[in-house]
1. Taking loop as defined by DSSP and a crowding limit of 12 other beta carbons within 10 Å, which trypsin sites (Lys or Arg not before Pro) in the range 226-274 fit?
2. Taking 0.36 nm per residue of sequence separation and subtracting the Cα-Cα distance, how much length would be gained by fully extending the chain between SER36 and GLU386, in nm to one decimal?
3. For a label point 7 angstrom out from the Cα of GLU128 toward its Cβ, which stretches of the range 33-59 have the backbone nitrogen within less than 16 Å?
4. Here is the link list: LYS264/LYS354; LYS253/LYS277; LYS262/LYS382; LYS45/LYS96; LYS264/LYS431. Which ones come out longer than 31 Å on Cα distance?
5. Contact order normalised by length for the chain, with contacts defined as Cα pairs under 8 Å and 6 or more residues apart; what percent is it?
6. Rg/Rh for the range 6-241 to two decimals, with Rh computed the Kirkwood way over all alpha-carbon pairs.
7. Starting from the Cα-Cα distance between LEU257 and GLN458, subtract it from 0.36 nm times their residue separation and give me the gain in nm to one decimal.
8. Could you point to the label whose value was computed as Rg/Rh (Cα atoms, Kirkwood Rh) for the structure here, given (i) 0.95; (ii) 0.98; (iii) 1.01?
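Values quoted throughout were computed directly from the atomic coordinates according to the rules given, and no laboratory measurement underlies them. Predicted, not measured: the structure shown is a model, and the values here were computed from it. Cβ: placed from backbone, ideal geometry, glycine included. Neighbour counts: every protein chain shown.
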Amino acid sequence: MTDLTEDAIEQNLIDLLKVQGYEYYHGTELERDDLSSVVLEAQFKANLGKLNPDLPESARVEAFQHVMHLGSNDIMNNNEKFHQMLTDGVTVEYFKQGETVGLQVKLIDFETYENNDFWVVNQLVIKENNQSKRLDVVLFVNGLPLVVIELKSAISEKVTLDRAYTQIQNYKTAIPSIFYYNALCVISDGLDARTSSVSAPFSRFLAWKSPDKKENGVLPELQILAQRMLEKSVLLKLIRFNTVFESEEMKDKKTGLLSLVKIKKIAAYHQYYVVEKAIRETLRATETQGDRKVGVAWHTQGSGKSLSMVFYSGQLVVDPDMQNPTLVILTDRNDLDDQLFDTFGNCASLLRQKPVQASSRDNLKELLQVTGGGIVFTTIQKFYPEEGNDVFDTLSGRSNIVVVADEAHRGQYGFTGKVNKDGNIKYGNAKHLRDALPNASFIGFTGTPIEKEDRDTQKVFGGYIDIYDIAQAVEDGATVPLSYESRLVKIKLNKDVNNKIDKLIEGIEG
């Protein structure tokens, strides 16, 4: 692209999206009651009818009213409430044959994305609080303004991506209502492009890269983002399976007071891609003739590995091919079990259930002897047999159980027996896990895979699903680079911790 004026950048983006099937409209062409209307009401009503033809008109009208009146003036409260409606449907009550019936009114068809209307609109004027703002590009799905894109011209020395970010922040103050419905924000100067959520600081706005590595660094980032992330099915998957809300403690710089702040987190490209690959490999491994080895996701520390596990779990539990699976989230330390359990617990709406944490070996047995469903947290030590027994009880023969191991390079070994000092054969955790769950499939998430003769992460879990190393994370800005000296200290500390854990596990095993 030789012309980098703002108009040219805008038109280029529109052309890229039109090729993908987005319908284009200039802001002045839209049917709107007034300039304060951020939802395209006629379009939204038409799609409610199209997606819910069997529901009574009164139910659709009530759903429309719920979406239009979210009940708050707070951006994040409204954004979370609307996100829930978007992903799960709007719950309305309908009086039928003397009884009150609960109905779900669908706002988007996530299963068949072609059933939705995707519009790209430029130069959209919004008037709110006696202020008028003109947005560069807004993407509407079924009349709902889900993506706000702020463009700047790269030919101006004064213009940088952070100025585009600042403009988004200004819009949040001047015309907050459009962000009640926002799924993603994008900032770009026509070449570089970054994306994140409405609540994200500038540092968390990251580039979206292509799975075809030949494109990265060659094509403009805005083109890759438009063709890859804004591709219809990817955009809808990001919204449905790769978005969570969490509360974080924030300190006021002026007063020093602490408060809980709602933040929205959306998968970065490496998280989205590893989840997509992991889901495919899980379906392969759990087939009747599958090898039960899903594979290893090697993602470096600081790259959001825990959230990747959440996104993977949230998508897997509703996959129809898995037929209501049970997920066993496995760690090797109580503190890690607690941390990960808290992370999953904060994302219960995505997981569509509340995870449970095994308190003891007996409690673990109770939790896993179910006919289906559930997300169970446990440490691997709870699978070790009771004293005087070499075999752990078989808890379930189901083939739709998936064991998700965090820090999978530790404590997951020992298929074959070793003779201890008393002359008895002792087996490792790998065997006891499979005694308990003989038909389960296994996936490992780790930042430090191991390849040794008796401890090989790939031999336990299968080949690498995806690799995202420290060099790539630093290049992407997904993790903060350490100094060389700090990195050496951290590596040594990690090795010392891992060695101590390995020795403890070996001691337990005999």
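1. Within the range 226-274, the qualifying trypsin sites (Lys or Arg not before Pro) (loop, at most 12 other Cβ atoms within 10 Å) are LYS253, LYS254.
2. Residue separation times 0.36 nm, minus the Cα-Cα distance, leaves 119.3 nm.
3. 33-41
4. Exceeds cut-off: LYS253/LYS277; LYS262/LYS382; LYS264/LYS431.
5. Details: 904 pairs, mean separation 58.7, N = 510.
This gives 12 percent for the chain.
6. Numbers: Rg = 18.2 Å, Rh = 18.5 Å.
Using Cα coordinates only, the ratio equals 0.98.
7. 67.6 nm
8. (iii)
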